[in-house]
Amino acid sequence: MTDAPILEVRDLAKTYGARLGCADISFDLWPGEVLAVVGESGSGKTTLLNCLSTRLAADGGSIVYAMRDGSRRDLATMPEAERRFLMRTDWGFVHQNPADGLRMGVSAGANVGERLMAIGDRHYGRIRGTALDWLSRVEIAADRIDDGPRAFSGGMRQRLQIARNLVTAPRLVFMDEPTGGLDVSVQARLLDLMRGLVRDLGLSVIIVTHDLAVARLLSHRIMVMKDGRVIEEGLTDRVLDDPRQPYTQLLVSSIPQA
Amino acid sequence: MNAATYNFAYLDEQTKRMIRRAILKALAIPGYQVPFAAREMPMPYGWGTGGVQVTAAVIGPGDVLKVIDQGADDTTNAVSIRAFFRKVAGVATTTHTAEATVIQTRHRIPEYPLKEGQILVYQVPIPEPLRFLEPRETETRVMHGLEDYGLMHVKLYEDIAHHGRIATAYAYPVKVAGRYVMDPSPIPKFDNPKMTMSPALQLFGAGREKRIYAVPPYTEVKSLDFEDHPFEVQTFNEPCALCGARNVYLDEVVLDDRGGRMFVCSDTDNCESRRTGTGAQS
Ligand SMILES: Nc1ncnc2c1ncn2[C@@H]1O[C@H](COP(=O)(O)OP(=O)(O)OP(=O)(O)O)[C@@H](O)[C@H]1O
Ligand SMILES: [Mg+2]
Ligand SMILES: [Zn+2]
């Protein structure tokens, strides 16, 4: 980890009309750090993640991102063209539902290659070679490269989504319940894969989950949300082994301990 | 229909001015789709109402009009559009490319090279080249605005992955003046090279979708491709069975039900001129 955060979030807030999405969110994310955002349904996790990734405009607060060149930029004032470029080069976003993050109508190879083409790669053979490499890294057989995601199982789709996001070597990846909706055994394999990739690539990750086992396996730090606000935050082991807030204690006690 | 009750070229002056403004805007931003308030025309949409409105807005009493449908001057569609303008604008018509000042076309560019002062008006069914992979118009607009064209290559990638080569043969996407990606209407890709640096003015009208776009004379029009799968046009093994022309676009004609067939010029005027030695020919 270097000496400057990759993301600095201050007083972030989002409301939907009269309903609170999230509020008073402040934290730093460090390069190579995996931050898990946990909390019950409706606590504001997805709202927070969408605001951070600029998929949703926040109502207040600031998000400062450290660019590759070291400059620090306020995402709210970044021009859309530049923000889009950032989103498909420097960032990844893994959706809970793979259909939201994949192009279901085109082949696995095209799904992985799309970002490369978007940033100007115009060599078919090279794009395909890179796609093959990434498919193998997410354990999808080479002979499936021309198949569409509709022919894939849920776990494969999720691995394809991950490959599609990582192909441009992003520095920051957002994940919203990436293992939700999968069988337990499929989940375990995906988690192993994600853990390996995160470590090998030195990714900074913000992962939303309501599964504390996922948080324990992947994250360095945990933020616990309730009613749109962060009620507890700390190193993963500390929060899970020694929760301070009664609400967190309740959450922790409700899952079987690892 | 009584021609006397209509304004010159059918549309009222107000409407023609509105269409001309859209054309001027389209010329100022080559390849950009300009919305316009398309009018109902006395013919169904599939008959090229977009092209007819553009032609009506640019044609003058001194113009000579040629209309082709898939290269032919004598199809019902081409004949009736020519008759329409003879009636509502009293203009002269021709089948010879070199004699025409305005050429309205469905799905071909004439073989005989166009020259300065000529206007080629394309009938366009679907103006949005990105629609194949992105049906949301709000999104395609942003993609054009931000020059976010990776998707076009995704489509070409799929072609190569599934067919071993870029199989797209019609409506092959182009980039205009290094900026906007444009659908050249369903012309065969054989015609794409004719678009670049053309001395003629190229106007595109989509009636149902209410869009006009343009390529000004001497503008670069580049067909999208990959470095290792460069753009190439269709080639034909044999010359035209009627006039012997090579390097022109040929249609396959079935002669009988025993599999007999031949290849003949799609551009009927060019073929006829070559055979009779009349008119200008390529
Ligand atoms: N588009 C929306 N319009 C109105 N209210 C919304 C919208 N999206 C979320 N909310 C509300 O904002 C609050 C936070 O929702 P959010 O989706 O962020 O929760 P979450 O923690 O991701 O829940 P889950 O675990 O069920 O995915 C909830 O009260 C929710 O009803
Ligand atoms: Mg959620
Ligand atoms: Zn011929």
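Tabulated data
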{"item": "Computed helical MRE - 222 nm, chain B, DSSP H runs ≥ 4 contributing -39500 (n - 2.57), nearest 500", "result": "-8000 deg cm²/dmol"}
{"item": "Segment B:102-213: C-alpha pair distances exceeding 23 Å, %", "result": "31"}
{"item": "Whole-Hz couplings from phi, Karplus 6.51/-1.76/1.60, listed for segment A:220-233; x for Gly and Pro", "result": "8, 9, 10, 10, 9, 10, 8, 6, x, 10, 7, 9, 7, 8"}
{"item": "Cβ-based net charge around B:TYR218, under 15 Å, with every Lys or Arg adding one and every Asp or Glu removing one", "result": "+1"}
{"item": "The protein assembly as shown - Rg and Dmax from Cα coordinates, angstrom", "result": "29.7, 97"}
{"item": "Span from the segment A:45-109 Cα centroid across to the segment B:97-153 one, whole angstrom", "result": "33"}
{"item": "Summed residue charge, Cβ within 13 Å of A:SER204's Cβ, Lys/Arg positive, Asp/Glu negative", "result": "0"}
{"item": "Projected area averaged over orientations for segment A:101-168, convex hull of C-alpha atoms, nm²", "result": "3.9"}
{"item": "Of all accessible heavy-atom area on chain B, the percent that carbon and sulfur account for (1.4 Å)", "result": "52"}
{"item": "Cα gyration tensor of segment A:193-258 - equivalent ellipsoid semi-axes, whole Å, descending", "result": "22, 13, 10"}
{"item": "Once the Cα gyration tensor of segment B:180-281 is diagonalised, semi-axes √(5λ) in Å", "result": "29, 18, 16"}
{"item": "Long-range HN-HN contacts of A:VAL173 with modeled amide H, under 5 Å", "result": "A:GLY92, A:SER204, A:VAL205, A:ILE206"}
{"item": "Kirkwood Rh, angstrom, chain A [1 / mean 1/r, Cα pairs]", "result": "18.9"}
{"item": "Around B:THR49: net Lys/Arg minus Asp/Glu count, Cβ-Cβ under 13 Å", "result": "+3"}
{"item": "Alpha-carbon Debye profile of segment B:1-40, log10 I(q)/I(0) at 0.19, 0.23, 0.30 Å⁻¹", "result": "-0.61, -0.76, -1.00"}
{"item": "Residue-averaged [θ]222 nm for chain A, counting only DSSP H segments that reach four residues, each worth -39500 (n - 2.57)", "result": "-11000 deg cm²/dmol"}
{"item": "Sparse-neighbourhood loop sites, GluC sites (Glu not before Pro) in segment B:76-143 - DSSP loop, at most 13 other Cβ within 10 angstrom", "result": "B:GLU116"}
{"item": "Under 5 Å, built H, 5+ apart or other chain: amide partners of A:MET223", "result": "A:ALA36, A:VAL37, A:VAL38"}
{"item": "Largest-first ellipsoid semi-axes for segment B:3-223, taking √(5λ) over the Cα gyration tensor eigenvalues, angstrom", "result": "29, 19, 16"}
{"item": "Förster-model FRET efficiency, 51 Å R0, A:LEU201 and B:GLU238, C-beta, rounded to 0.05", "result": "0.35"}
{"item": "Principal axis dimensions, segment A:25-124 - Cα atoms, whole angstrom, descending", "result": "44, 35, 26"}
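The values are calculated or read from the model by the stated rules, or taken from the named source; none is laboratory data. Fair warning: this is a prediction, and the values are worked out from it, not measured in the lab. FYI the Cβ positions are ideal-geometry reconstructions off the backbone, even for glycines, and counts take in every protein chain you see. All accessible areas refer to the heavy atoms of the entire protein, side chains included, with ligands and DNA or RNA removed. Shrake-Rupley method; radii C 1.70, N 1.55, O 1.52, S 1.80 Å.
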